[in-house]
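Data block below; observations after.
What follows is calculated from the coordinates using simple rules that are stated; it is not laboratory data. Every value quoted in this text rests on a predicted model; they were computed, and no experiment measured them. Here the Cβ is made from the backbone with ideal geometry for all residues, glycine too, and neighbour counts use every protein chain on show.
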Amino acid sequence: MTGRTMRLGAAAGAACLAAALSGCATVPTSGPIVEGAGRGNAAGQDGTYVRQIPAGPQRGVDEAALVKGFLKDMGSVEDDYRAPRMYMTPEKQATWRPDGTVLVYGEIDAVGLDVATAEGGETATVRMRTEQVATIEASGQYVPATSGQVIDVTFDLVKVEGEWRIAELPQELVLSRRDVDRVYRPLNLYFFNRDMGTLVPDPVLLPVQSTTDLPDQLSRLLARMLVSGPTEWLQPAVRSAFPPGTNAAVAYDTGHLTVELTTGESEYIGSEQRVGMAAQLVWTLKQLPEVQELTLRLDGEEIEVPGSQDEGLQIGGDYWNSVNPSGVNGALRSYFVRDGQLWSLDSSQQEARVEGAAGVGGTPLEQHAVSLDERWVAGITAGHHRVVTTEMVDGSEYAIVLDGGDYTALSWDGYGNLWAVEDISSGGDVAERADAEDVDDDTEPGDTPRTEPSPREPKSPGTRLWMLPGGSDPVQVNAPELAGRTVTQLRASRDGTRVAVLVGEGDGTRLLVGRVVHADGGVALEHLIPLAMDLDHVSDIAWRGADQLAVLGRKERGALQAYLVSLDGSTESTSAGAAAGSDMKTIAAAPGQPLLAGVEDDYLSMTNDRLMWQRVTDGANPVYPG
């Protein structure tokens, strides 16, 4: 049993002691749950929902005006889309059922409508074409559109008592970005990583139909979605404690949520799995402050949820910190380079040179990464042709773990795997680089590695990705989406389920995040999705939390500064400011820790409030473990 698996096992043991019953269950409770019982408070989690007053179809409007009015009112979701149905024929009003998918466009004024009216003027077709911003899948996942992607749908119209009405239309909702921001709320579902040691957020967007029933709606919907499993994108990378095919009946009543699970096989579900289900529910429901208590039943037997009944879910949820989604327990130190030596910086800003080869500084490193347990350092040597590792203990030496390539980025995940990026662009002489063991004349320890091809060596982009379990014995990662692209930076999430990369695109870079899938004895980085679409350029990235990245980027040709980027894909990047007086070159972030930046004049700058940056110490390339 791994250390991470023991975390959940320990939680299971404690819960069983608290229940004092086998399987962590109390005396069976009778009585069914009535779906949707109870009423919620009058306000939402953050009061962001604004009810739209629909205009409804106007008398005497032409074909294009009717469809345009329909698009404007489609964001009115109350009463099962009562307002949009008013634009339809009576027959279509009765049969139209949106399939759960949402096509997202920018602004209504940019929508093109082409009208073709049949002879006699009683029927017409209106074709809608506009640039697509994103898709919201039926699972709730927000997927930004690729460049050039277009919404192209048609509406068939007929006249009903002299007024145009919609007889046929897409099964998807078609909403503007503004409507999505108003109607949908970003929240997370939580599932486990491979070893059941850390919870992983699965960001989803949920529709809000009214302020009156908001807690009722969201809590019941969140619980049911969690039990049914992760989004299609994340599913291959995570595990769920809920058995496949589990049915959930959910009831909300004034701050108390009751979840009754029906599996038909509860006798085969052990204590650890039961506690895993409770942990997933607690972390998912803690996002809604209205949910104070949780009752969980499995085939009629009540499962103990520590802290929920005595302290309340929002306070007692601290019990579940052993599997918290940050992947971090306790404060992390940061690390940086000064005069070729690796130094650490603790939360009180006390500096210390690390022990072992990394602290001696005899081997200049272009990049470095520290393992999450803060025992190991990996580095790319000057010239970029070797990756080395060493333990941070007195007398340690570097071991070569990758050799003969052109390596550009490093990162550790929470399993102790070291990730490395190799540039395999054509045009360079790899053998010549491999033999060049001396430090380049034009490189200084701590410099950011060059990734641009030499003008006299034109290259075709190409990348090879390596994973080194335990920091040794490299395994090539199957990453076909990166094969013909140049990767300038890579950061593995601390839970080990996702990897963020920066890839060259035109004259700039693009931020992508992919899922990590272990199968058939190998590992793959799959299904890369774009993030930070509102930034024109991104030059560095770091995981600030399980569902948020810190990046150095530029928006609308503005100055390079720090931004926070949510993994839900729909939230606009939030400015975190910039160090005054000099350009920031690198950024470092970790859960609950200040943002750090390496600045051009070889010093470190820090912010706790994302507004004011202050100089901390001399050095370069700050990193947190990971």
Fill in the blank from the handout: With DSSP loop assignment and no more than 13 other C-beta atoms within 10 Å, the GluC sites (Glu not before Pro) in the stretch 73-112 are Glu107
Practice task
Quick one: net charge around Gly106, please, counting Lys, Arg +1 and Asp, Glu -1 for every other residue with C-beta under 10 Å from its C-beta.
Solution key: -1
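Quick one: dipole size for the stretch 189-291, taken about the Cα centre, charges +1 on Lys/Arg Cβ and -1 on Asp/Glu Cβ, in debye to the nearest 20.
200
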Handout entry: Size of charge dipole - the stretch 260-348 - debye, nearest 20, with Cβ of Lys, Arg +1 and Asp, Glu -1, no other charges
Key = 660
Problem - Student exercise, the stretch 95-186 dipole from Lys, Arg, Asp, Glu Cβ charges, in Debye to nearest 20 - result: 340
Problem - Cα-based Kirkwood hydrodynamic radius, the stretch 476-530, one decimal, Å - result: 11.6
Exercise for the section: At q = 0.13, 0.14 Å⁻¹, what is the base-10 log of I(q)/I(0) for the stretch 343-433 according to the Debye formula with one equal point scatterer per Cα and no solvent? Please give it to two decimals. Expected result: -0.46, -0.52
Problem - Semi-axes of the equivalent ellipsoid for the stretch 547-626, Cα gyration tensor, largest first, Å - result: 20, 15, 10
Problem - the stretch 512-584: trypsin sites (Lys or Arg not before Pro) in DSSP coil with no more than 10 other Cβ atoms inside 10 Å - result: Arg557
Practice task
Give the relative contact order (percent, whole number) for the stretch 174-256; include only Cα pairs under 8 Å separated by 6+ residues.
Solution key: 29
Fill in the blank from the handout: If amide H atoms are modeled at 1.01 Å from N in the peptide plane, then the residues at a separation of 5 or more from Gly300, or on another chain, having amide H under 5 Å from its own are Leu261
Problem - the stretch 239-305: relative contact order as a whole-number percent, Cα under 8 Å and 6+ apart - result: 38
Completion exercise
In the neighbourhood of Gln593 defined by beta carbon distances under 10 Å, the net charge of the other residues (Lys, Arg +1; Asp, Glu -1) is +2
Completion exercise
Over the Cα atoms of the stretch 85-194 the radius of gyration and the largest Cα-Cα distance (Dmax), both in Å, equal 16.7, 64
